[in-house]
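Taken together, the values in this text are just the output of simple stated rules run on the coordinates, not laboratory data. Keep in mind that this is a model prediction, so the values were computed, not measured. So basically every Cβ, Gly included, is an ideal-geometry build from the backbone, and we count neighbours across all protein chains shown.
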Amino acid sequence: MADCAAAGRKNEEFGEPIVAVVTLPGCEMTLEKLRERLGKLIADYTLPRELVIGEVPPSQPGKIFKHKICD
């Protein structure tokens with residue numbers, strides 16, 4: 001995994017489910033695999049509900065635009 005980020009996506013029915021964005025050059029990841037690995041480290045309600053494989057959108061100083069993750 002080269003880079004990753006997570007943020008809540010607004011959803012009228014579910015509130016703000018967590019979306020994980022990961023950059024994975026030459027590697028495969030599924031939502032189930034990610035949730036299994038993270039489930040050993042964080043609480044169930046904080047686990048991602050959606051996985052997006054792609055570039056994590058950085059700003060100029062290298063910080064992450066969380067609002068762009070959920071677009």
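Extension gain, LEU24 to GLU12: 0.36 nm times the residue separation minus the Cα-Cα distance gives 1.3 nm. FRET efficiency for the GLU50 to ALA2 pair, using the beta carbon distance and R₀ = 30 Å, is estimated at 0.95.
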